[in-house]
């Protein structure tokens, strides 16, 4: 009897973010990818034709018998124990009759979920008697890194650092033809500046309702008794398409950064507003991009970048999802959560915040019964165990008014009100009505005063605007908040815009990139 074997990696975030060093996070992410990759841990155990899904910390494999499946599981888990200590997986098997592949795929997902909740938790014996602690994780130390022999390290971190070069090569495909550049392995090489712009952006993007779409697809195939060969072919088609969607999304992010690089002028990135360029740093004879991918698996993408361009790059990634059309599943929208924190803030906490922000954006779309893409962000660290809703209640409620419009839908353009593209393109940067436009930029003190006026309510904003217009009639807000800066007298985007006033940059095509575009037919 043929057998399906499903693999699910547990505690991915906990494993990746054991250390607060970017290089350890990157290599930890690589090991997660390697664990379910056909080029990694699965390479020597199974043939490609037996694989239905491999990647994104999940795999589904077809075997001819239960004995063959169990033999694979034993060898596979032993390899993980040796090469990726600390990484936990769940493996389940499900036999099926000919013609019932779709039903078996449904049932094995249920068994996988049950196995994850019913398993006995791993309780390793870390150390006995007097044990030196790892300088990165606090776990018992097993040795030292030759490049820094003063810091004792655990076997988990030592194994990661053995894969440092391979982890760097793993992302090199996104830099093809761009010699002399690299993704940084240190946070201090992200191109950030000092003072109030010394922030990094942790960006987490996740597809909307993908699991539900797959569930409905499997249900349809099972109920209609579709042949196994058809199910297998279509399963591979949409799984590969989702994987390609994530890759295209990140490639678009890399392309946007690359096109903004001015190679003729000290390798800097051109950005708007004017005079907001980002200087690249050089390390080991390579220019470090202000961007570092962390995790990419299917519709799940996480990267860290200079905080000033985090929202611009999140929009770029979401735009790819917004135009997607996956075979048999249709359009897959996505949401982004962006946590902008100090450079050496705890990495795991910043990721958790980004993930929670992404979840609030998803919840907003679901509550409004809308499709498409959305994004949410927060500037600064949050209190331990404080939810996004708690942050909003503490910081953005005053006089029964909501002082934020986050999360924002991505929007179709700058004229689509109460969307991210409207906030960035119109409220912030419209030449006539934008707070960073020609008119308002001459009245910076008045722009800054809007924060306190918004907290007092729409009446205060309206009264101040009328008084200012006596001196300068050109001062105005864009529609539909032209009267008092509020939507429906209840919520205002002014605070959102003001928080981004000196932080948010929009990447611009550099001179040499523009010339290449002019030469193109």
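The values are calculated or read from the model by the stated rules, or taken from the named source; none is laboratory data. Quick caveat: nothing in here was measured; it's all calculated off a predicted structure. Glycine gets a Cβ as well: all are built from the backbone with ideal geometry, and neighbour counts include every protein chain shown.
A count restricted to region 18-66 and to residues that are part of a loop (DSSP other than H, G, I, E, B), under 19 Å from residue 1 (Cβ atoms) and in contact with a strand residue (DSSP E or B) (Cβ under 6 Å, 6 or more places away or on another chain) stands at 1.
The test for being without any contact (Cβ under 8 Å) to a residue 12 or more places away in the chain, surrounded by 12 or more Cβ atoms within 10 Å (Cβ to Cβ) and within 31 Å of the chain's Cα centre (by Cα) holds for residue 113. The listed residues are 234, 166, 156, and the only one of them that is within 23 Å of residue 89 (Cβ to Cβ), touching a residue at least 60 places away in the same chain (Cβ under 8 Å), buried (at least 17 other Cβ atoms within 10 Å of the Cβ) and out of contact with any strand residue (DSSP E or B) (no Cβ under 7 Å at 6 or more places or on another chain) turns out to be 156.
Can you confirm whether residue 39 is farther than 25 Å from residue 356 by Cβ and either in the same structural domain as residue 288 (by TED's automatic domain parsing) or in contact (Cβ under 8 Å) with a residue 24 or more places away in the chain (or both)? Answer is no for this residue.
Per-residue answers, yes or no, for (1) crowded, with 21+ Cβ neighbours inside 10 Å; (2) part of a helix (DSSP H, G or I); (3) in contact with a helix residue (DSSP H, G or I) (Cβ under 6 Å, 6 or more places away or on another chain):
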site	(1), (2), (3)
296	yes, no, yes
301	yes, no, yes
304	yes, no, no
311	yes, yes, no
318	yes, yes, no
335	yes, no, yes
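Scanning region 375-391 for residues that are free of Cβ contacts under 8 Å to residues at least 40 places away in the same chain and either surrounded by 17 or more Cβ atoms within 10 Å (Cβ to Cβ) or part of a loop (DSSP other than H, G, I, E, B) (or both) returns 382, 383, 384, 385, 386, 387, 388, 391. Scanning region 470-506 for residues that are more than 13 Å from residue 418 (Cα to Cα), buried (at least 22 other Cβ atoms within 10 Å of the Cβ) and touching a strand residue (DSSP E or B) at 6+ places or on another chain (Cβ under 8 Å) yields a count of 1. Taken over region 396-421, the residue count meeting the criterion of being buried (at least 16 other Cβ atoms within 10 Å of the Cβ) and either in contact with a helix residue (DSSP H, G or I) (Cβ under 8 Å, 6 or more places away or on another chain) or over 18 Å from residue 312 (Cβ atoms) (or both) is 17. The residues listed here are 276, 249; of these, the one that is in a helix (DSSP H, G or I) and either free of Cβ contacts under 8 Å to residues at least 24 places away in the same chain or crowded, with 16+ Cβ neighbours inside 10 Å (or both) is 249.
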